[in-house]
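The values are calculated or read from the model by the stated rules, or taken from the named source; none is laboratory data. Since we're looking at a predicted model, the values are computed, not measured. For neighbour counting, all protein chains shown are included, and Cβ atoms are generated from backbone atoms with ideal geometry for every residue, glycine included.
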Amino acid sequence: MKIIEVVAHRNHISSVEKIAKKHGAVDQWFVSSPDNEERRVMRLLVDDSHRQAVMDALQNLLALHETTRIVVLPVEATLPQVDIENKEKEKTKSSGVTREELYYGVSKNAELNSNFLLLVFLSTIVAAIGLIENNVAVVVGAMVIAPLLGPNIALALAAALGDTPLMWKSLKTNFIGLGLALSLSLIIGLILPIDLSSPELMSRTGVGIDSVVLALASGAAAVLSLTTGLSSVLVGVMVAVALLPPTATIGLMLGSGEMGLAFGAALLLAVNIVCVNLAAKIVFLVRGVKPRTWIEKRKAKQSMVTYMIFWILSLIILLAAIYLRRHL
């Protein structure tokens with residue numbers, strides 16, 4: 001349950017009240033006017049099952065007005081308690097957060113900025129040292145940082161919404177992040193001696209069906225946590241297991257001249273990226289994350305078909321490569 005604050009021209013307030021009544025807002029009230037007498041501020045208390053419908057209706061009504069502002073505010077508790085017993089079935093059919101909340105949270109994690117690059121830099125160093133020293137605790141430390149989660153989830157969301165700019169931004173951030181991690185781990189591999197008896201290191205040079213299942217589960221769990229509003233800390237760790245350590249392993253193996261092992265790590269990384277993105281897109285589809293207008297929906301449908309075909313074909317090719325590598 002959250003508060004939707006609407007700042008709009010006074011002529012639209014009656015329509016906002018109708019929207020609140022039509023979509024079952026728990027409560028509504030006025031607050032003081034902001035900066036002039038032409039605009040009014042109204043707050044709606046809306047539960048999770050109706051929040052997306054209210055947001056869509058408000059945008060359809062107010063989207064063309066420059067003086068409009070719609071703000072979603074968190075609610076820690078409300079008294080008296082709201083009876084939601086009859087709404088539980090309906091809530092399971094929709095996302096626990098709105099499209100707009102999800103977009104804001106996911107897209108900012110796909111930003112290519114100094115913070116992202118620094119997180120990739122630090123997590124790569126931590127992961128590489130942990131792998132070389134066979135120190136599980138250090139590797140877990142790199143997993144917790146999890147900088148590669150954001151761009152991959154944003155890529156799946158961009159396909160679900162047909163958002164081309166977000167898609168290209170996510171791809172750019174993802175490639176640069178992976179490139180930085182690979183380059184840095186390559187330098188570390190050239191400088192430090194690599195112990196090929198390290199279980200933590202060698203476990204990332206092979207790939208099997210269990211790796212595919214892990215990546216699918218990680219991607220699905222990550223998006224499920226985002227769409228339901230649950231904590232994604234543990235999920236971020238799971239996704240980092242599937243992405244950053246194999247990337248560091250590739251660079252370390254290349255730096256030490258172990259081309260065969262580097263190829264195995266690269267195959268693992270490719271499988272994980274494909275599976276994480278495929279699982280994320282499926283969960284977005286199941287949770288009903290889609291655009292608001294019919295034009296955007298048609299564009300998103302085309303994007304979704306292309307996206308799904310690409311990742312499914314990529315997974316089939318990678319599974320064939322895994323089979324050939326094990327049997328030849």
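In this structure, does VAL144 turn out to be out of contact with any Gly (no Cβ under 7 Å at 6 or more places or on another chain) and within 21 Å of SER218 (Cα to Cα)?
Judged against the criteria, VAL144 is a match.
Tell me, please, whether a residue that is at pLDDT 90 or above, of a type outside the set (D, E, K, R), within 21 Å of SER256 (Cα to Cα) and in the same structural domain as ASN135 (by TED's automatic domain parsing) can be found in the stretch 169-179.
The answer is yes, given that some residue of the stretch 169-179 is at pLDDT 90 or above, of a type outside the set (D, E, K, R), within 21 Å of SER256 (Cα to Cα) and in the same structural domain as ASN135 (by TED's automatic domain parsing).
Being in contact with a Phe, Trp or Tyr (Cβ under 9 Å, 6 or more places away or on another chain) and not polar (S, T, N, Q) narrows it down to one residue among PRO199, PRO151; which is it?
Within the list PRO199, PRO151, the selection yields PRO151.
Quick one: which of PRO147, PRO151 is crowded, with 24+ Cβ neighbours inside 10 Å, in the same structural domain as TYR307 (by TED's automatic domain parsing) and modelled with pLDDT under 85?
Testing whether each residue is crowded, with 24+ Cβ neighbours inside 10 Å, in the same structural domain as TYR307 (by TED's automatic domain parsing) and modelled with pLDDT under 85 leaves just PRO147.
What is the residue count in the stretch 38-74 for residues that are polar (S, T, N, Q) and out of contact with any helix residue (DSSP H, G or I) (no Cβ under 6 Å at 6 or more places or on another chain)?
Count: 4.
Can you spot a residue in the stretch 276-283 that is charged (D, E, K, R) and either modelled with pLDDT of 85 or more or crowded, with 17+ Cβ neighbours inside 10 Å (or both)?
Yes, the stretch 276-283 contains at least one residue that is charged (D, E, K, R) and either modelled with pLDDT of 85 or more or crowded, with 17+ Cβ neighbours inside 10 Å (or both).
Give the stretch 165-185 a look and list any residue that's more than 16 Å from the chain's Cα centre (by Cα) and touching a residue at least 40 places away in the same chain (Cβ under 8 Å), or say none.
If the condition is that a residue be more than 16 Å from the chain's Cα centre (by Cα) and touching a residue at least 40 places away in the same chain (Cβ under 8 Å), then ILE176, LEU178, LEU180, ALA181, LEU182, SER183, LEU184, SER185 are the ones that fit.
Can you pull out the residues in the stretch 284-328 that are charged (D, E, K, R), over 26 Å from SER225 (Cβ atoms) and surrounded by fewer than 15 Cβ atoms within 10 Å (Cβ to Cβ)?
Hits for the stretch 284-328 are ARG298, ARG325, ARG326.
Given the condition loosely packed, with under 14 Cβ neighbours inside 10 Å, at pLDDT 90 or above, over 14 Å from the mean Cα position of the chain (by Cα) and within 20 Å of ILE322 (Cα to Cα), answer yes or no: does some residue in the stretch 208-224 qualify?
Within the stretch 208-224 (the criterion being loosely packed, with under 14 Cβ neighbours inside 10 Å, at pLDDT 90 or above, over 14 Å from the mean Cα position of the chain (by Cα) and within 20 Å of ILE322 (Cα to Cα)), the answer is no, since none of the residues qualifies.
Test of understanding: among ASN11, ASN60, which residue is within 27 Å of the chain's Cα centre (by Cα), loosely packed, with under 15 Cβ neighbours inside 10 Å and either of a type outside the set (Gly, Ala, Ser) or assigned to a helix (DSSP H, G or I) (or both)?
Matching residue, one of ASN11, ASN60: ASN60.
Among the listed residues GLY257, GLY229, GLY236, which satisfies the condition of being at pLDDT 85 or above and not aliphatic (A, V, I, L, M)?
Going through GLY257, GLY229, GLY236 in turn, just one is at pLDDT 85 or above and not aliphatic (A, V, I, L, M): GLY257.
Can you name every one of the helices (runs of 4 or more DSSP H) wholly within the stretch 137-219 that holds 2 or more residues which are more than 28 Å from SER114 (Cβ to Cβ) and not aromatic (Phe, Trp, Tyr)?
199-202
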